[in-house]
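Colleague: Please see the structure below; I have some questions.
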Amino acid sequence: MSPSSEEVLARLEQLAKSIYDQIQSGKPPYLDIPVRTLANTIWDKKRKLLVLGPKTAKREFFDIGESKRFMQTILMLSLIVRARRENDYPTIRDLYYTGKHTIYYVNEYGKKVSEETWDDQRESNAVIQDIEVATGLLREHMGIMHDAKGRIVGNMIIRSKGTEIDLSRMGSGAWGIPSNVDQLEITKVEADYVLVVEKGAIFERLNEEEFWKKNKCILVTGKGQPDRSTRRMVRRLWEEFDLPVYILTDADSYGYYIYSVYRSGSISLSYESERLATPEARFLGVSTSDIERYKIPKNYIIKATERDIKRAKELMNYPWFKESKRWMEELQLFIERGEKIEIEALSGHGFKFLSNVYIPEKIANKEWII
């Protein structure tokens with residue numbers, strides 16, 4: 001359950017007050033920030049999730065190596081608090097520009113110099129993430145908007161700001177999943193499963209064919225690497241409505257990684273896995289073994305690059321892949337063959353082979369990988 005606006009503001013102000021209290025008591029001000037690194041990311045085997053470990057870093061104002069990041073954090077915190085007090089919903093880009101300015105000062109040699117509060121948006125984004133882990137709030141809770149790209153369609157009704165939206169009445173279109181998924185009320189879902197499609201164009205084709213209506217499913221796409229709101233929507237459909245989730249990607253190491261992100265979470269956002277990852281998500285395809293199983297025509301087969309192979313070898317070291325015999329076989333086959341195919345390769349058997357044969361048969365025969 002999402003915290004209320006009052007709870008969000010109180011938690012942000014509490015972080016700021018802790019710094020104020022340190023200064024008032026004559027102590028050097030500091031922040032304790034959970035470390036967001038690979039070394040502090042833990043695979044929770046029982047929950048099948050990547051989670052943030054217990055390590056924290058002390059960010060001290062009087063530490064020359066940490067002082068700039070400390071000040072950046074306080075600056076960003078003040079901008080977010082101001083936005084919440086004024087009931088504004090800034091984008092991450094708004095916060096970057098609002099906080100960006102030049103500080104002029106005289107250094108220890110008497111020379112006038114200048115420094116930017118942050119040099120690029122990667123710096124300001126990282127500070128937002130620091131505030132997320134320090135407060136236990138997510139940027140969506142704090143009213144920070146991002147460029148959402150996910151789309152969804154199916155027999156499903158959503159209530160947003162008092163308005164009911166019927167996702168089965170989108171015509172040839174689909175509904176854009178907004179940033180604030182937790183503020184949506186999902187009032188009705190009539191479906192047997194959720195089908196998540198990596199590629200936007202394949203999603204559009206399946207939607208035009210009304211695949212979701214003929215097969216009684218909810219159709220979702222994150223258009224490649226999914227954003228947080230798409231992953232949150234998929235999680236909610238699985239968690240709240242007990243719907244099986246099937247993932248459809250290209251048969252390459254990057255498609256396999258996209259499945260991994262939906263299922264187990266990502267290292268960079270391990271602190272969000274509990275609400276974003278769907279541990280029981282099933283990989284439907286397309287897989288390397290499908291090349292032989294479905295007799296994919298040679299003109300659809302693509303030679304894997306060295307980067308593809310290197311990435312596949314990295315995936316074989318991920319514990320959530322290592323625990324699956326089928327995944328290890330699939331990744332090994334990809335490396336040995338040095339070949340990949342896209343979802344479109346199934347069109348070698350006709351444009352409707354994907355929707356009429358491949359997806360329904362694989363689900364009916366339980367030919368997924370998990």
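The values are calculated or read from the model by the stated rules, or taken from the named source; none is laboratory data. Because the structure is predicted, anything quoted here is derived from the model rather than measured. No Cβ is skipped: glycine too gets one built from the backbone with ideal geometry, and neighbour counts run over all protein chains shown. Heavy atoms of the whole protein, side chains included, go into the accessibility calculation; ligands, DNA and RNA do not. Shrake-Rupley method; radii C 1.70, N 1.55, O 1.52, S 1.80 Å.
Colleague: For Ile186, all conditions in the list (1) open to solvent by 10 Å² or more (accessible area, probe 1.4 Å); (2) touching a helix residue (DSSP H, G or I) at 6+ places or on another chain (Cβ under 6 Å); (3) closer than 20 Å to Arg228 by Cβ; (4) among the β-branched types (Val, Ile, Thr) hold save one; what is the number of the exception?
Modeller: Here Ile186 meets the rest and fails (2).
Colleague: Give the residues of the range 142-170 that are farther than 19 Å from Phe211 by Cβ, open to solvent by 40 Å² or more (accessible area, probe 1.4 Å) and part of a loop (DSSP other than H, G, I, E, B), sorted by residue number. Working first, answer last.
Modeller: Of all residues in the range 142-170, those farther than 19 Å from Phe211 by Cβ come to 142-149, 157-165.
Narrowing further to those that are open to solvent by 40 Å² or more (accessible area, probe 1.4 Å): 145, 147, 149, 159, 161-164.
Selection gives Asp147, Lys149, Lys161, Gly162.
Colleague: Next up: Can you pull out the residues in the range 315-328 that are open to solvent by 40 Å² or more (accessible area, probe 1.4 Å), of a type outside the set (S, T, N, Q) and without any contact (Cβ under 8 Å) to a residue 40 or more places away in the chain?
Modeller: Lys322, Lys325, Met328
Colleague: Report, by residue number, each residue of the range 330-370 that is of a type in the set (D, E, K, R) and surrounded by 14 or more Cβ atoms within 10 Å (Cβ to Cβ). Before the answer, list the steps.
Modeller: Within the range 330-370, the subset of a type in the set (D, E, K, R) is 330, 336-337, 339-340, 342, 344, 352, 361-362, 366-367.
Residues satisfying the conditions are Glu330, Arg337, Glu339, Lys340, Glu342, Glu344, Lys352, Lys362, Glu367.
Colleague: Let me ask something additional. Within the bounds of the range 218-232, is there any residue that is assigned to a helix (DSSP H, G or I) and free of Cβ contacts under 8 Å to residues at least 24 places away in the same chain?
Modeller: Within the range 218-232, the subset assigned to a helix (DSSP H, G or I) is 228-232.
Remaining after also requiring free of Cβ contacts under 8 Å to residues at least 24 places away in the same chain: none.
Taking every residue of the range 218-232 in turn, none turns out to be assigned to a helix (DSSP H, G or I) and free of Cβ contacts under 8 Å to residues at least 24 places away in the same chain.
Colleague: Given the criteria within 15 Å of Glu210 (Cβ to Cβ) and either part of a loop (DSSP other than H, G, I, E, B) or at pLDDT 90 or above (or both), does Gly173 qualify? I'd like the intermediate steps shown before the answer.
Modeller: Numbers: within 15 Å of Glu210 (Cβ to Cβ): yes; either part of a loop (DSSP other than H, G, I, E, B) or at pLDDT 90 or above (or both): yes.
Spelling it out, Gly173 is indeed within 15 Å of Glu210 (Cβ to Cβ) and either part of a loop (DSSP other than H, G, I, E, B) or at pLDDT 90 or above (or both).
Colleague: Only one of Tyr246, Tyr262, Tyr254 is buried (at least 24 other Cβ atoms within 10 Å of the Cβ) and not polar (S, T, N, Q). Can you tell me which?
Modeller: On the way: Tyr246 fails: buried (at least 24 other Cβ atoms within 10 Å of the Cβ); Tyr254 fails: buried (at least 24 other Cβ atoms within 10 Å of the Cβ).
None of the others qualify; the one that does is Tyr262.
Colleague: Residues in the range 193-209: is at least one surrounded by fewer than 20 Cβ atoms within 10 Å (Cβ to Cβ) and in a strand (DSSP E or B)?
Modeller: Yes, some residue in the range 193-209 is surrounded by fewer than 20 Cβ atoms within 10 Å (Cβ to Cβ) and in a strand (DSSP E or B).
Colleague: Something else: Do we have Glu292 as open to solvent by less than 20 Å² (accessible area, probe 1.4 Å), charged (D, E, K, R) and part of a helix (DSSP H, G or I) here? First the steps, then the outcome.
Modeller: Details: open to solvent by less than 20 Å² (accessible area, probe 1.4 Å): no; charged (D, E, K, R): yes; part of a helix (DSSP H, G or I): yes.
Here the answer is no, as Glu292 does not meet what is asked.
Colleague: Name the residue that is nearest to Ala277 (Cα to Cα), counting only residues in the range 43-59 that are of a type outside the set (Lys, Arg), open to solvent by 30 Å² or more (accessible area, probe 1.4 Å) and without any contact (Cβ under 8 Å) to a residue 24 or more places away in the chain. Give the steps one after another, and end with the answer.
Modeller: Residues of the range 43-59 of a type outside the set (Lys, Arg): 43-44, 49-54, 56-57.
Next, only the ones that are open to solvent by 30 Å² or more (accessible area, probe 1.4 Å) stay: 43-44, 52, 54, 56-57.
Retained after the next criterion (residues that are without any contact (Cβ under 8 Å) to a residue 24 or more places away in the chain): 44, 54.
Values: Asp44: 12, Pro54: 20 Å.
Going through the qualifying residues, I end up with Asp44.
Colleague: So Leu284 passes all but one of these: (1) in contact (Cβ under 8 Å) with a residue 24 or more places away in the chain; (2) open to solvent by 40 Å² or more (accessible area, probe 1.4 Å); (3) not β-branched (Val, Ile, Thr); (4) not in a helix (DSSP H, G or I). Which condition number does it fail?
Modeller: Of (1) in contact (Cβ under 8 Å) with a residue 24 or more places away in the chain; (2) open to solvent by 40 Å² or more (accessible area, probe 1.4 Å); (3) not β-branched (Val, Ile, Thr); (4) not in a helix (DSSP H, G or I), only one is false for Leu284: (2).
Colleague: Kindly provide the set of residues from the range 97-122 that are open to solvent by 70 Å² or more (accessible area, probe 1.4 Å) and assigned to a helix (DSSP H, G or I), ordered by number.
Modeller: Tyr97, Thr98, Arg122, listed by residue number.
Colleague: Still on this model: Could you check how many residues of the range 352-366 are touching a residue at least 12 places away in the same chain (Cβ under 8 Å) and outside any helix (DSSP H, G or I)? Lay out the reasoning, then the answer.
Modeller: From the range 352-366, those touching a residue at least 12 places away in the same chain (Cβ under 8 Å) are 352, 354-355, 358-360, 362-363; that's our starting set.
Those still in the list that are outside any helix (DSSP H, G or I) too: 352.
Counting residues in the range 352-366 that are touching a residue at least 12 places away in the same chain (Cβ under 8 Å) and outside any helix (DSSP H, G or I) gives 1.
Colleague: A further question follows. Go over the candidates Arg82, Arg36, Arg11, Arg69 one by one and state the one that is assigned to a helix (DSSP H, G or I), surrounded by 15 or more Cβ atoms within 10 Å (Cβ to Cβ), among the charged types (D, E, K, R) and out of contact with any Ser or Thr (no Cβ under 6 Å at 6 or more places or on another chain).
Modeller: Values: Arg82 fails: surrounded by 15 or more Cβ atoms within 10 Å (Cβ to Cβ); Arg36 fails: assigned to a helix (DSSP H, G or I); Arg11 fails: out of contact with any Ser or Thr (no Cβ under 6 Å at 6 or more places or on another chain).
Exactly one residue qualifies, and that residue is Arg69.
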